[in-house]
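Beneath this line is the structure, given in structure tokens, with notes to follow.
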Amino acid sequence: MSTNKQLALVIDLNVCVGCHACVTSCKEWNTSGSAGPLTDLNAYGANPSGTFFNRVQTYEAGSFPNTQTVHFPKSCLHCEEPPCVPVCPTGASYKRKEDGIVLVDYDKCIGCSYCSWACPYGARELDEERQVMTKCTLCVDRIYSETLPESERKPACVLACPTSARIFGDVHDPESEASKAISERGGYALMPEWETQPANHYLPRSIMETIDAARNDK
Amino acid sequence: MRPQFSIIFFTTLAGMAQGLLFFVALLNIEGPVLSAPFLSMLVLPVSFTLLTLSLVASFFHLGHPERAWRAAMMWRTSWLSREVIALPAVMTLTVITFFFVITGIVPALVWAALLISILALWICTAKIYQCIRFIQEWSHPSTLSNFTLLGLSSGGLLLEFLLMIWNEPGAPFGISLISGVNFLLLFLALNLKLWIWRRNQTLKPKSNLASATGIKGSNIRQTSMGFMGGSFNTREFFHHQTDRVISNIRKIILLMTYVGPMILLAFSMNSPNITQIAIALLMHYIGLLAERWMFFAEANHPQNLYYQRVS
């Protein structure tokens, strides 16, 4: 398993400012890319709703005065043991052997939503107009592109992030920037209790420890 | 989870047909007990109709029903795929049984095959839910027991009703005895349901905001799910009903699915009455729809942790 490539994102919660640039750039690229269109319902009405592969959420923790606000980007984690794949009755959901990306074949998907039930993270969204299951593709149509300049062969969200909070790379290669960030900065996976082994990792905020240390100093 | 009406109708209709065929196959496997006309003109056509209706209902669950045939592909890993094979298998065996009934005697092997396919379909249906390990309400053997017991009780009630409208003389057992068996099944199913509800109440969710986000610190709360107008995640995984509606539906389930039919059956153990059995069957089925609705509504999906606040 570990000899194969496993592409993933490592998200640095220290520097994410919650600007949603990754959300809009993801939507922009993927709605016109091979995974699209990502349709919107009632786009200019009171309750607009649509398909997105990436969301930025906001959380608070602690109690005054030791509080923190954490912006938390969330997309498919490309699990090494993806629970969404074996449940698919048609084989439309699959995990690529060559790079570990979990994808949906839209031509085989029957829109039964069972894979979304089998994902504890809520990473999959059924496209209301196309009636097929959609999810983050790690911009599979960008990262291997032969027409884009080398420097742009990264997921759209990574390129859009103004604070470089998103690191893209092979988490099975110990020398990659992503692997180093995980090992050196305490990268962790979400909901480890379900043993899905997410490939995407998050880097914990260290600011609170710094503030605590400063308080204890005086 | 959002209750899915296609699946509510599919599981209740197929379950009833399975229960009916199960009893008929069990009674006849050692030799003909129920008369051939009763089987060929009533029981088997009714079963087949119910199975067909359930199949039609299941298609309404799909975004692309025209690709439904693909769903039989992944039977090696997917219980849904296995179910897609098991349902037509039960239907085919029902037709085969029908042909044996009208041409003579049904071999024990055919009844046995029918029994096995019925059990297989119950297992596949229940396992679809039971195998999702992080929906703790579903991930328990009681899911299979509940589906099977309620399939048997609704099928048993239907058999009793059909025997009475046919005035079937072939049975060496009285309607009173069948009423007793159905009463017992409902009593068991009721106790199982109460046990499941108690278990659901005491479940400790394995996931929480700390494990879902990994944020260090106490008192983690969401201030924004990242959008305001709703999404697939807010529609598919919440029942969107108030606690009051839920508690009222629980009362309806207890009354309609279990207690009401049990009272009517208790009366019909002494003096069998076709109207009573018809009402019991109707009540039980309406109750079953509510029971299956609640099966979805009371399942808590861990993804809901990520979708708590709009701001």
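Of note:
- Beta bridges per DSSP with both ends in the range A:7-217, % antiparallel, nearest 5: 90 percent
- Using alpha carbons only: equivalent-ellipsoid semi-axes of chain B, gyration tensor based, whole Å: 40, 23, 15
- Loop-exposed chymotrypsin sites (Phe, Trp or Tyr not before Pro) per DSSP, neighbour cap 12 Cβ within 10 angstrom, longest uninterrupted part of chain A: A:45-143
- Cα-Cα separations in chain A greater than 32 Å, expressed as whole percent: 20 percent
- Degrees between helix B:79-103 axis and first principal axis of chain B (Cα, 0 to 90, nearest 10): 10 degrees
- The alpha carbon centroids of the range A:134-202 and the range B:113-186 are separated by 50 Å.
- The angle between the Cα long axis of helix B:108-130 and the main principal axis of chain B comes to about 10°, on a 0 to 90 degree scale.
- Of B:Leu194, B:Leu255, B:Leu50, the one that fluctuates the most in a GNM where chain B has Cα springs shorter than 10 Å: B:Leu194
- Dipole magnitude (debye, nearest 20) for the range B:1-125, charges at Cβ of Lys, Arg, Asp, Glu: 380 debye
- Among A:Thr134, A:Thr39, A:Thr90, residue whose mean-square fluctuation peaks in a GNM of chain A (springs only between Cα atoms under 10 Å): A:Thr90
- In this structure, the residue pairs whose Cα-Cα separation is over 27 Å, taken from B:Lys127/B:Lys216; B:Lys204/B:Lys251; A:Lys74/A:Lys97; A:Lys97/A:Lys154, are B:Lys127/B:Lys216.
- Low-density loop cleavage sites - trypsin sites (Lys or Arg not before Pro) in the range A:63-134, where at most 12 other Cβ are within 10 Å (DSSP): A:Lys97
- Pairwise Cα inverse-distance average, inverted: Kirkwood Rh of the range B:1-118 (Å): 15.0 Å
- Sorted largest first, the principal axis extents computed over the alpha-carbon atoms of the protein assembly as shown equal 90, 53, 45 Å.
- Nearest-20 debye value, the range B:203-275 charge dipole, Cβ charges on Lys, Arg, Asp, Glu: 320 debye
- Percent antiparallel among DSSP beta bridges (both partners in the protein assembly as shown, rounded to 5): 90 percent
- Cα convex hull of the range B:146-251 - mean projected area over all directions, nm²: 11.4 nm²
- Helix B:142-166 vs. chain B, principal-axis angle (Cα, 0 to 90°, nearest 10): 30 degrees
- Helical mean residue ellipticity (222 nm; -39500 (n - 2.57) per DSSP H run of 4+; nearest 500) of chain B: -21500 deg cm²/dmol
- A simple charge model with +1 on the Cβ of Lys and Arg, -1 on the Cβ of Asp and Glu and nothing else charged puts the dipole of the range A:7-217 at about 300 debye relative to its Cα centre.
- For B:Lys216, residues with placed amide H under 5 Å, excluding near neighbours: A:Arg205
- Remark: the range B:42-58, residue by residue, has Karplus-estimated 3J(HN,Hα) of 10, 4, 5, x, 5, 4, 5, 4, 4, 5, 5, 4, 5, 5, 4, 4, 5 Hz, where x stands for each Gly or Pro and the curve is 6.51 cos²θ - 1.76 cosθ + 1.60 at θ = phi - 60°.
- Computed over the range B:69-189, the ratio Rg/Rh where both radii use C-alpha atoms and Rh is Kirkwood: 1.04
- Residue among A:Glu150, A:Glu129, A:Glu195 with the largest mean-square fluctuation in a Gaussian network model of chain A, springs linking Cα atoms under 10 Å: A:Glu150
- Dipole of chain A, positive end: most advanced residue of A:Gly169, A:Tyr202, A:Gly62 [Cβ charges, Cα centre]: A:Gly62
- Under 5 Å, built H, 5+ apart or other chain: amide partners of A:Leu38: A:Thr31
- Average projected area [Cα convex hull, the range A:27-156], square nanometres: 11.0 nm²
Read-outs throughout are calculated quantities, based only on the coordinates presented, and are distinct from any laboratory measurement. Quick caveat: nothing in here was measured; it's all calculated off a predicted structure. Cβ coordinates were reconstructed from backbone atoms using ideal geometry, including for glycine residues, and neighbour counts include every protein chain displayed.
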